[in-house]
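Contents: one structure, followed by commentary.
The values are calculated or read from the model by the stated rules, or taken from the named source; none is laboratory data. As the structure is a computational prediction, the values presented were derived from the model and not from experiment. Cβ sites come from the backbone with ideal geometry, for glycine too, and all protein chains shown count toward neighbours. Only protein heavy atoms, including side chains, enter the accessible area calculation; ligands, DNA and RNA are left aside. Shrake-Rupley method; radii C 1.70, N 1.55, O 1.52, S 1.80 Å.
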Amino acid sequence: MTSTDERPTLRRTVTTTGLFLFILGDVLGAGVYVLAGEIAGIAGGALWVPLVVALLLALLTAGSYAELATKYPRAGGSSHYATRAFGPFAGFLVGFCMLSAGIVSVGALALGFAGDYLGAFVSLPVVLVVVVFLALLAALNARGISESLGANRVATLIEVGGLLLVIVLGAIVIVRGEGDLGRLTELGTPENGPVAAVLAGTVLAFYSYVGFETSVNIAEETKDPSRSYPRALFGALIVTGVVYALIGVVASAVVPTAELAGSSAPLALVVEAAGIVPPVVFSAIALIAVANGALLTGIMSSRLAYGMASDGLLPRVLTRILPGRRTPWVAILVTTALSLLLALTGTIDVLAGTMVLLLLVVFLSVNAAVLVLRRDRPEHRHFRVPTVLPVGGLVSCLLLMTQVEWAVWRLGLPFLVVAALLAGLAAWRRRRAGELAGADAA
């Protein structure tokens with residue numbers, strides 16, 4: 001069976017290097033700035049272990065994305081793959097989970113922005129900071145995509161530089177003999193044995209790697225996707241994993257585990273211990289990283305909501321455009337309001353875990369879609385991943401789901417229930433429309 005798309009294609013201008021930098025900028029950054037302490041509190045001093053395990057599990061699912069993105073190099077991503085493999089119900093369910101994950105993530109990052117990094121400059125109520133922060137992000141989002149992406153390019157360079165700064169300063173502290181390398185083998189806590197600590201820590205660490213799945217939407221604009229996309233994707237994830245592992249090593253060696261776990265600005269403690277760079281400088285870098293992550297995710301969420309509404313899958317009011325700016329202002333307001341509600345009623349660890357839970361549903365569908373769509377043989381050459389990898393991806397997603405805490409399930413289940421109900425409604429409406437069209441034709 002061959003697969004063809006009767007539609008115009010986008011211009012192929014993205015190189016392997018350009019795609020690599022895009023994925024690297026999308027993955028490397030905000031999550032580890034905020035969650036390193038939370039992971040240490042779960043896993044113990046061996047913070048680097050769940051970060052490495054999360055990388056290995058992310059690579060399994062990345063293999064499925066590499067095959068599908070080169071097999072079907074077009075915008076649409078996970079929802080498109082699920083629709084091809086399992087039909088419109090699954091496609092909508094996956095798309096809604098992606099949308100929900102973005103909304104939840106912005107809420108988590110808003111709380112991260114209001115934490116100890118901001119506390120280095122000023123002491124303000126968390127509620128006030130979250131409200132103002134999300135309002136400013138929504139305003140920048142509504143102003144225009146070019147302005148938002150221009151800010152992202154600068155912020156990405158700053159946030160990557162901040163992580164490299166932490167690694168260098170942490171290494172200096174270790175060389176001075178002021179660190180404790182013995183903590184690097186302390187795996188587990190009084191509440192969690194070594195295995196449970198790794199698995200539970202990996203759930204949170206997985207948050208730091210998500211973002212690579214959005215890169216499939218520009219595979220259609222890549223010059224040679226069959227060659228470029230797998231190289232860029234795996235290369236970016238491996239570089240990210242190396243950076244995160246080094247961050248985990250220096251943070252654990254330099255800062256006592258209890259102190260690291262008790263801070264919402266864990267990497268600032270490494271900078272403070274070095275005594276070379278003023279902590280406020282790094283706090284500024286971290287705030288830029290968190291704001292940039294929230295901005296990118298907010299853009300994705302609002303555009304996804306707009307696109308689903310344009311397809312008749314969500315209320316049409318979400319398609320309203322701001323005159324002059326041509327941005328989806330209603331979608332921006334609605335997604336921002338939901339992120340605000342979650343930030344004001346949740347905690348960073350629960351929100352981050354909920355985002356991971358929703359994306360695990362997406363990743364399950366993608367790994368399964370690879371296997372189902374093996375019967376579809378397009379005419380063009382594409383990357384093919386060994387069957388063991390998507391199978392491993394399926395198993396890893398199910399394994400991580402078993403480690404999700406009840407507090408996370410309690411927040412995530414309503415999203416999944418709403419997704420299923422709306423998916424069923426969308427599938428019924430599509431079937432009904434088809435029946436009416438068939439009746440008219442008769």
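Here are the numbers:
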quantity	calculated
Sorted peptide list for 173-185, 237-249, criterion being average Cβ within 10 angstrom, highest first	237-249, 173-185
Top positive-direction residue, dipole computed over the chain with Cβ charges, set A197, H80, V271	H80
The range 230-306 - Kirkwood radius from inverse mean 1/r over Cα pairs (Å)	14.8
Distance cut-off 11 Å, percentage of C-alpha pairs in the range 251-295 lying past it	66
Value of [θ]222 nm, deg cm²/dmol, for the chain, DSSP H segments ≥ 4, -39500 (n - 2.57) each, nearest 500	-25000 deg cm²/dmol
Surrounding net charge for A331, when Lys and Arg each add one and Asp and Glu each subtract one, Cβ distance under 12 Å	+3
Ordering of 25-37, 47-59 by burial proxy (mean other Cβ atoms within 10 Å per residue, highest first)	25-37, 47-59
Where N is the number of residues in the range 323-401, Cα Rg divided by 2.2 N^0.38 Å	1.62
Accessible area per residue in Å² at 1.4 Å probe, computed on the chain	41
Kirkwood hydrodynamic radius of the range 53-96, from inverse mean 1/r over distinct Cα pairs, in Å	11.0
Debye-sum result for the range 23-80 in log10 I(q)/I(0), which assumes one identical scatterer on each alpha carbon, at q = 0.20 Å⁻¹	-0.86
Bins of 20 Å, starting at 0 and running to the largest distance - Cα pair percent for the chain	26, 58, 15, 1, 0
Base-10 log of normalised Debye intensity for the range 61-129 (one unit scatterer per alpha-carbon) at q = 0.26 Å⁻¹	-1.11
Compactness index (Cα Rg / 2.2 N^0.38 Å), the range 159-252	1.40
Whole-percent carbon and sulfur share, accessible surface of the chain, 1.4 Å	67
Theoretical gain in end-to-end length, S310 to I174 [0.36 nm per residue, Cα-Cα removed]	43.5 nm
Paramagnetic reach from V242 in the range 160-192 [backbone N under 11 Å; point 7 Å along Cα→Cβ]	none
Added length on full extension, which subtracts the Cα-Cα distance from 0.36 nm per residue, I276 to R430	49.2 nm
Stokes-Einstein D for the range 288-442, Kirkwood Rh over Cα pairs, 37 °C, 0.692 mPa s (µm²/s)	175
Unit Cα scatterers, Debye sum, the range 33-177: log10 I(q)/I(0) for q = 0.17, 0.20 Å⁻¹	-1.37, -1.40
Segment L421-V388, length gained on full extension (0.36 nm per residue, minus Cα span)	8.6 nm
